[in-house]
Amino acid sequence: MHAMTRTTTAEPHQVDSLLERAADHDDNAWRELIALYARRVYAAAKAHIASPELAEEITQSVFVTIAEQLTTGKYVERGRFESWLFRIAMNRVRDEARRAKRHAIPTDPASFDPIPADPVSVPADSASELTHLRTALAQLPEADRTIIELRHHAALPFATIATILEEPVGTLLARHHRALRKLRSIMESANEGTTQ
Amino acid sequence: MNTESNHTPDDIRETVSALDHLAKREADAAPPGLEDRIFLRTAASLRDPSARAESNAPAPAPIPLWNRTPFRLAAAIALVVIASLFFFIPNTPSGTTDFVNQNTDLILEELDSILAVAYATDPYPELDSIDAELSELLNNDSFSELDAWLETEEAL
């Protein structure tokens, strides 16, 4: 089995062709689709859920749903595969986050340990900035967080995000801008708190 | 990570850049072999959509206790047995119950005879005899046993 680590983008007509072949039980087309999208789905899930295992589980369940819908002829979103895929993904992420919240043990946020840096060699300052950014991201309201995750982690164009969230592109751009300003403000407040 | 950043307003440019950096780091830190594992675990669903439905189908719910026929049968038998016990087994303790039954029978017999006399004739001339009968009944020695029993009960 060859390793699949490619994460690129594909033209819509290429994706449509892969989908048609996958619906005809073509394993190679299915591999291609997974290679194109699994990592992005994983990144969006991981940004929200934080647990790598859970993010992988969500990614898997999203692809199982896609496979079922394709082979049973229920996929009707021709030309809008990305928005469909990430809508399924974000619904799963939200469900999982709700479930986690229900089972969460209340903890004083001040006592949180710093999030460990990924096992990739990075300068200490950069790692701490990223930890800082993740913490700030977690403090954003759900709706703002979703936009940021779809835009930056899932690497989706604004038009696709607008389709997923069923909002006009203009509104979405404004909301994205506002969300980022909020994020910056949270980070600045945290910085002020640590320097005082 | 995102290529659509030409129009990013200045006030958020730095935040956007930091977010893209974070997103790239997280995507790069995905566990090795992610795509291979996802393929292996999902290919079956592509070949046979019912595969997952079967494997993930919830276990059949346990049959509620009272829906089980053997339990129903056992409950019915128990009811019949308990009812039979009440009907066919003599009451115990025999002393107290027998005593009450005997006196009840005696009273009913007395009343029967009183009513027979009263309705056989014009009731008014017979009032004296009814009165006499009642007096006799009330003074009957058969009640002394009941009185004695009641006194014993009170004493307890």
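The values are calculated or read from the model by the stated rules, or taken from the named source; none is laboratory data. Just so we're clear, the structure is a prediction, and the values are computed from it rather than from any experiment. We place every Cβ from the backbone using ideal geometry, glycine too, and count neighbours over all the protein chains shown. Just so you know, the surface numbers come from the protein's heavy atoms only, side chains and all, with ligands and any DNA or RNA stripped out. Shrake-Rupley method; radii C 1.70, N 1.55, O 1.52, S 1.80 Å.
Tell me: how much accessible area in total is hidden between A and B, 1.4 Å probe, Å², nearest 100?
Counting both chains, the buried surface is close to 4300 Å².
Hey, which lysines would be in cross-link range of residue B:24, C-alpha to C-alpha under 22 Å, not counting anything within fewer than 8 residues on its own chain?
Straight-line reach from residue B:24, under 22 Å: A:46, A:182.
Run the accessible area of the stretch A:1-100 with a 1.4 Å probe and give the carbon-and-sulfur part as a rounded percent.
Of all accessible area on the stretch A:1-100, carbon and sulfur atoms account for 46 percent.
Going by average Cβ density within 10 Å per residue, which order do the peptides A:81-93, B:35-47, A:146-158 take, highest to lowest?
A:146-158, A:81-93, B:35-47
Compare the Cα positions of A:128, A:176, A:187 along the charge dipole of the stretch A:122-196 (+1 at Cβ of Lys, Arg; -1 at Cβ of Asp, Glu; about the Cα centre) and return the one farthest towards the positive end.
About the Cα centre, the residue reaching furthest to the positive side is A:176.
When Cβ neighbours within 10 Å are restricted to other protein chains, what is their mean count per residue of peptide A:184-192?
Working: counts 6, 1, 0, 3, 0, 0, 0, 0, 0.
Neighbouring Cβ atoms belonging to other protein chains average 1 per residue here.
Within the stretch B:9-40, whose backbone N sits under 20 Å from a point 7 Å along Cα→Cβ of residue A:177?
Output list for this probe position: B:9-20.
To the nearest whole number, what is the average tally of beta carbon atoms from other chains within 10 Å of the beta carbons of peptide A:15-26?
If you average over the peptide's residues, the count of other-chain Cβ atoms is 1.
How would you order A:184-192, A:66-74 from highest to lowest mean count of nearby Cβ atoms within 10 Å?
A:66-74, A:184-192
Can you pull the mean other chain C-beta count within 10 Å for peptide A:144-156?
Rounded to a whole number, the mean comes out at 4.
Tell me, what HN-Hα J-couplings in whole Hz come from the Karplus equation 6.51 cos²θ - 1.76 cosθ + 1.60 at θ = phi - 60° for each residue of the stretch A:164-179, using x for Gly and Pro?
Per-residue couplings from phi come out as 4, 8, 6, 10, x, 4, x, 4, 5, 4, 5, 5, 5, 4, 4, 4 Hz.
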